[in-house]
1. Please tell me if Lys119 is assigned to a helix (DSSP H, G or I), under 30 Å from Asp46 (Cβ atoms) and free of Cβ contacts under 8 Å to residues at least 60 places away in the same chain.
2. Output the residue which, of all residues in the stretch 187-241 that are in contact with a helix residue (DSSP H, G or I) (Cβ under 7 Å, 6 or more places away or on another chain) and of a type in the set (Gly, Ala, Ser), is surrounded by the fewest Cβ atoms within 10 Å (Cβ to Cβ).
3. In the stretch 44-56, how many residues are surrounded by 11 or more Cβ atoms within 10 Å (Cβ to Cβ) and assigned to a strand (DSSP E or B)?
4. What are the pairs, 6+ residues apart or on separate chains, where a residue within the stretch 34-52 that is farther than 20 Å from Val222 by Cβ has its Cβ under 7 Å from a residue that is assigned to a helix (DSSP H, G or I)?
5. Exactly one of (1) touching a residue at least 40 places away in the same chain (Cβ under 8 Å); (2) among the small types (Gly, Ala, Ser); (3) crowded, with 19+ Cβ neighbours inside 10 Å is unmet by Ala92. Its number?
6. So, Ile98, is that one buried (at least 17 other Cβ atoms within 10 Å of the Cβ) and either of a type outside the set (Asp, Glu) or touching a Pro at 6+ places or on another chain (Cβ under 6 Å) (or both) or not?
7. Only residues that are surrounded by 14 or more Cβ atoms within 10 Å (Cβ to Cβ) and either in contact (Cβ under 8 Å) with a residue 40 or more places away in the chain or part of a loop (DSSP other than H, G, I, E, B) (or both): list them for the stretch 136-150, please.
8. Only one residue in Asp208, Asp190 is within 30 Å of Asp46 (Cβ to Cβ), among the charged types (D, E, K, R) and assigned by TED's automatic domain parsing to the domain that holds Glu62. Which one?
Amino acid sequence: MEKHKTATRAQWLQARLDLLAAEKELTRRSDALAAQRQALPWVRVDQDYRFDTEQGPATLAELFGGRSQLMVYHFMFGPDYTAGCPSCSAIADGFNGIAVHLANHDVALTAVSRAPLEKLQAYKKRMGWTFPWASSRDSDFNFDFNVAFTEQQQRDGSIEYNYHRAGHVMDATTAVPEPVAIQAAMSGTDAPTYTRDRPGLSTFVLEDGVVYHTYSAYSRGVDRLWGMYQWLDHAPKGRNESGVWWRRHDEYGAR
């Protein structure tokens, strides 16, 4: 293995100052991007979406829980999965700690999946999570926000995900990429069934009794929600990966 270069403290400091300038520029660009994101026009949501929650049936407006803003993580847990997607599970591991802070800043956070509520509750208990998680089993919500697709869409190649039609790694129906096959197996299903659900983030605002859709992100657009990667990007060897290395947090001891 090739050894990493070394330097004197003075040489390291100069390199670090060069990096700091680049980091500051990225921060400024990120701030500008956030402002551009918040300036997006709002789209009124007229569809009467219904969800199953731990408190009973709920409308989209009721998922706000008295707040004016709602953030929905589209968690990959299809009706035929036996366990939640391991990648989504790794992302959701960070929700417990931040949900209370968001709730006290006028923002509700919930996960939404197509699996029935009893499956979600059992998995939530296994993972030790406390954030809200709603089932959209009897709703078009996931389909309308482009995180769920039909077998017919798979067959005719009409899936539109991340604002593009076809071309995504999860669209493959033959020669399925190994990472997709691995995670499908970890979710207790086959690759075609697994990939009919997709990850994403959608945000909404409630104003004068009307719900508006404000933003959605998919694919690598949700990378910044994946807490472990933000840490690994600061680690000496970075992400240092060649495939699916992560597991659900209660599975590492079994490796």
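The values are calculated or read from the model by the stated rules, or taken from the named source; none is laboratory data. What you are looking at is a predicted structure, and each value in this text was computed from that prediction instead of being measured. Don't worry about glycine lacking a Cβ; one is built from the backbone with ideal geometry, like all the others, and counts go over all protein chains shown.
1. For Lys119, the condition - assigned to a helix (DSSP H, G or I), under 30 Å from Asp46 (Cβ atoms) and free of Cβ contacts under 8 Å to residues at least 60 places away in the same chain - is met.
2. Filtering the stretch 187-241 for residues that are in contact with a helix residue (DSSP H, G or I) (Cβ under 7 Å, 6 or more places away or on another chain) and of a type in the set (Gly, Ala, Ser), the one surrounded by the fewest Cβ atoms within 10 Å (Cβ to Cβ) comes out as Gly238.
3. 4
4. Gln47/Asp144; Tyr49/Phe141; Phe51/Leu63; Asp52/Leu117
5. Here Ala92 meets the rest and fails (1).
6. Details: buried (at least 17 other Cβ atoms within 10 Å of the Cβ): no; either of a type outside the set (Asp, Glu) or touching a Pro at 6+ places or on another chain (Cβ under 6 Å) (or both): yes.
It is false that Ile98 is buried (at least 17 other Cβ atoms within 10 Å of the Cβ) and either of a type outside the set (Asp, Glu) or touching a Pro at 6+ places or on another chain (Cβ under 6 Å) (or both).
7. The first filter runs over the stretch 136-150 and keeps only residues surrounded by 14 or more Cβ atoms within 10 Å (Cβ to Cβ), leaving 136-137, 139, 141-149.
If the condition is that a residue be surrounded by 14 or more Cβ atoms within 10 Å (Cβ to Cβ) and either in contact (Cβ under 8 Å) with a residue 40 or more places away in the chain or part of a loop (DSSP other than H, G, I, E, B) (or both), then Ser136, Arg137, Ser139, Phe141, Asn142, Asp144, Phe145, Asn146, Val147, Ala148, Phe149 are the ones that fit.
8. Working: Asp190 fails: within 30 Å of Asp46 (Cβ to Cβ).
From the options Asp208, Asp190, the qualifying one is Asp208.
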